[in-house]
Amino acid sequence: MDLDRALASLGNILKLEERRGYNNRAVMGGIEAFLSRTLLPALDGNGSSQQAVLISRIAEELGGYSGLPPEQRAGKIRAALQVLQNGASGARKTPPTDIQPEVRLKQAPSGDVPGLDEPIVSLPGVGARRQGLFEKLGILTVRDALEFYPRDYHDRSTLRTISELQYGAKETFVAEIKKVTQRRLRGSVILLTAVLGDHTGAIEATWFSRNYVPREIEAGREMIFTGKIGQYHGKLKVEGAEYEDLERGLLHSGRIVPIYRSTESLSGKLLRRVLHDVVAYHAPRMEEYLPDWLLDRAGLMSYSDALSEIHFPTSWDGLEAARRRLGFGELLEMQLGALMKQKARKGQAGGVRICADHPDIDIFLSSLPFRLTGAQQRVINEVLGDIGSESPMLRMLQGDVGSGKTVVAAAALIAAAAAGYQGALMAPTEILAEQHYRSLSRLFATMEEHAPKVALLTGSLKGKARTAVYEGVASGETNIVVGTHAVIQQAVEFRDLALAVVDEQHRFGVEQRAALQAKARTTPHLLVMTATPIPRSLALTAYGDLDLSIIDEMPPGRQTIETRAYGPEERSQAYALLHEEVSSGRQAFVICPLVEESDKVEARAAVAEYERLQGDVFPDLRLGLLHGRMKPAEKEAVMEAFRDRELDVLVSTSVVEVGIDVPNATVMLVEGADRFGLAQLHQFRGRVGRGSARSYCLLLADSPGEEGRKRLEIVEQSTDGFYLAEQDLLMRGPGEFYGVRQSGALNLKVASLADLGLLEETRNLAAHMLSDDPQLESYPALADRVSQRMRSLAEAN
């Protein structure tokens, strides 16, 4: 017998004996018989181990137990538990604390234990009838079951006596079924009522069932129950309690119990039982894929132990250690795969070498009407260095709203044009494309005869004008094309595309970016830009195969936006400030409260908000409405009217977050601001302050909780997008970041992208391992897992 498990079982037996009033019935034959027949013989050959010493001391404390009255037995049990508790600190860190349930895999129909790649139907308790239910959960094979981790855990390890049960609490207790009655209600519903008792009192329990009476509920049986304690006519009762036979071992109670995502018609108890069978048999047999030196260095438990602990934890510390181990493994695999993919890409030739020291580049940079920030200059050098290589560039450019990303793209496009090639810049909306076209035209105008020819191509361009653009692009007369999805239409043919720039890259799918790259004869250089600040370690993980450039410095002279947070009772003050700004010739945005149900519901809410504001709050102003259910042409028309000052106030859902550039807009008013994340609020704020006038961001809270108030305070006090991004990541997780590949798409089941420390640790470790062993030849098991993860990631994206 494993002595760790022996100690754990003994601890459970002693606690159970305490709950039963010291009746010497916690184990068959009594406690002394259990010690003499089961535990003490197991000490042969292990007499000097710490566990053996503990067992021997406990046996001494319990000597003569069966012949003592209950009050004297109580002292012996307390003394034995104290010995066990005092000695536990030197024992294994995460010992099993449950009486182990039996494992039923040996009962498989084939007579053999189902392998990891066998279908789930091969497991006992599944069968053809339940196979579809398991498959709905994504459990198709035994391996899927092993990696189907709990979504939550309930602590049912504390056993109470009936006299200790608390009204309203979910409690676990041991009791004997004293009496059972049943009554048939309307139809096939049966009401089962039982009186449960122990040495401290009794409680009534009820269950409703349909045409079925559980065989386990019969008078005279002693079981362990878990349920929420209610009351009826002043007496405590428990309804629908889960129950478990003590003799079969504790799986659903008396321990930290895993709670799995389930589906209708598949009970949590059945799912837990099937998964326990899989984990108990297969987890100890799983191959360790991380080297010993790494486990020691990072302080990680083994893969086998982690699988056992995450499914059926023996302690909260053990669960946390399991999560760290499995999350560490997932992130390390992903970091290794991304770095190996990045290195392979950089080792490929076939790209176009664009000369980075052409005189036109210097002419462009020296003719700029402003001085570049140090960050802009650094990033321009990084990009020009990339395109000067035959290895195709794949770089992400991150920069806060107003940080000057466009001039970086312009420098790269100038380099491509000066070298005799073509460049393309693709934006998600027509108004954004038009803004880029005007910005680039304005920047290039100072170059005079050296200026490249730029064309705008959008869906609204028709007839001869569109044909002219097509012809200019095909002949090479047009050096740079700025446009929307129209740029990747089949009719567009480039003479020699060498550089593609994608703005707000998260608004485009992988296929659309690939379609743009396919317009080139050879693999073009690709620069993707985003105005959504993402913490560096998160970006390096989610986009680990890309090189990363960050503009972390704002140009001098940028207007500081005054941010103010208002409570529900202060709404009129915010409206008054907005009205005052519009009366002085400015414009304003109003963002509608976030509605999470659906686009359709959010659109209805936006219409209602627009009508309220127009009719009751600002009847004398010209209001426009923008929401996600509008057709693209309708959106473009509204934004163009606002930009051309035909509207005073633009009422919008969050679709306005990225895009429109209206220097005359000085007020951003966000309704229900406490419902938005920090990153989104910062993006909203970036829509104003683009002109010379003082600008305001007004955050109106509906009924903020503590976390909502804290978010508003943070936005009110800081304008640093990257700081806000880190705070948002800590408070709300990576799901708030547009442009960040989600955990599901990355096939992360345990790891959190919000754990910046672990992201950094695994990134550095991956780089270190690959510097010594680029192909992971010394770690074949790890290399296999990395390959599997990258294949699944490629399929998902």
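Remarks
- Among W316, W207, W293, the sequence by solvent-accessible area, most first, with a 1.4 Å probe is W316, W293, W207.
- Rolling a 1.4 Å probe over the protein chains gives E471 an accessible area of about 120 Å².
- √(5λ) per eigenvalue of the Cα gyration tensor, segment 121-190, largest first, Å: 34, 23, 12
- Computed with a 1.4 Å probe over protein heavy atoms only, the accessible surface of the chain comes to 44 Å² per residue.
- Over segment 435-506, relative contact order from alpha-carbon pairs under 8 Å, at least 6 apart, %: 30
- Nonlocal amide H pairs with R687, under 5 Å, H built at 1.01 Å: none
- Most to least packed among 773-786, 271-284 [average Cβ atoms within 10 Å]: 271-284, 773-786
- As a rough guide to protection, the peptides 400-406, 32-38 ranked by mean Cβ packing within 10 Å, highest first, stand as 400-406, 32-38.
- The simple spin-label model puts a point 7 Å past each Cα toward its Cβ; for R184 and S304 those points are separated by 5.4 nm.
- Backbone amide hydrogens, once placed in the peptide plane, bring G672 within less than 5 Å of L700, D702, excluding anything fewer than 5 places away on its chain.
- With every protein chain in place and a 1.4 angstrom probe, the accessible-area ranking of R571, R325, R261, largest first, reads R261, R571, R325.
- Answer label for Cα Rg over 2.2 N^0.38 Å (calculated), chosen among (i) 1.03; (ii) 1.21; (iii) 1.13: (ii)
- Accessible area per residue (1.4 Å probe, heavy atoms of protein chains only) ranks R709, R521, R324 as R521, R709, R324, with the largest value leading.
- Net charge contributed by nearby residues that have their C-beta within less than 14 Å of G138 (K/R +1, D/E -1): +2
- Under Karplus coefficients 6.51, -1.76 and 1.60, residue-wise ³J(HN,Hα) of segment 133-150 in Hz, glycine/proline x: 5, 5, 5, 4, 8, x, 9, 9, 10, 4, 4, 4, 5, 4, 9, 8, 7, x
- Sequence-separation-based contact order of segment 662-725, relative, with Cα cut under 8 Å and 6+ spacing, percent: 43
- Here the extension length gained between V195 and A693 equals 171.6 nm, from 0.36 nm per residue of separation less the Cα-Cα distance.
- For the chain, averaging the sequence separation of C-alpha pairs within contact (under 8 Å, six or more residues apart) and dividing by the residue count gives a relative contact order of 10 percent.
- Taking Lys and Arg as +1 and Asp and Glu as -1, the other residues whose beta-carbon sits under 9 Å from that of L540 total +1.
- Calculated from backbone phi, Karplus (6.51, -1.76, 1.60) coupling profile of segment 492-497 in Hz, x at Gly/Pro: 7, 10, 8, 6, 7, 6
- Taking the accessible area of the chain, probe 1.4 Å, and keeping the other protein chains in place, the carbon and sulfur fraction comes to 47%.
- 13 Å beta-carbon shell around F208, net charge (K/R +1, D/E -1): +3
- Over the chain: helical MRE at 222 nm, DSSP H runs n ≥ 4 each giving -39500 (n - 2.57), nearest 500: -12500 deg cm²/dmol
- Rounded accessible area of F208 (nearest 10 Å², 1.4 Å probe): 130
The values are calculated or read from the model by the stated rules, or taken from the named source; none is laboratory data. If you're wondering where the values come from, they're calculated on a predicted model, not measured in any experiment. Here Cβ is always computed from backbone atoms with ideal geometry, including for glycine, and neighbour counts include all displayed protein chains. Calculation scope for accessible area: heavy atoms of the full protein, side chains included, ligands and nucleic acids excluded. Shrake-Rupley method; radii C 1.70, N 1.55, O 1.52, S 1.80 Å.
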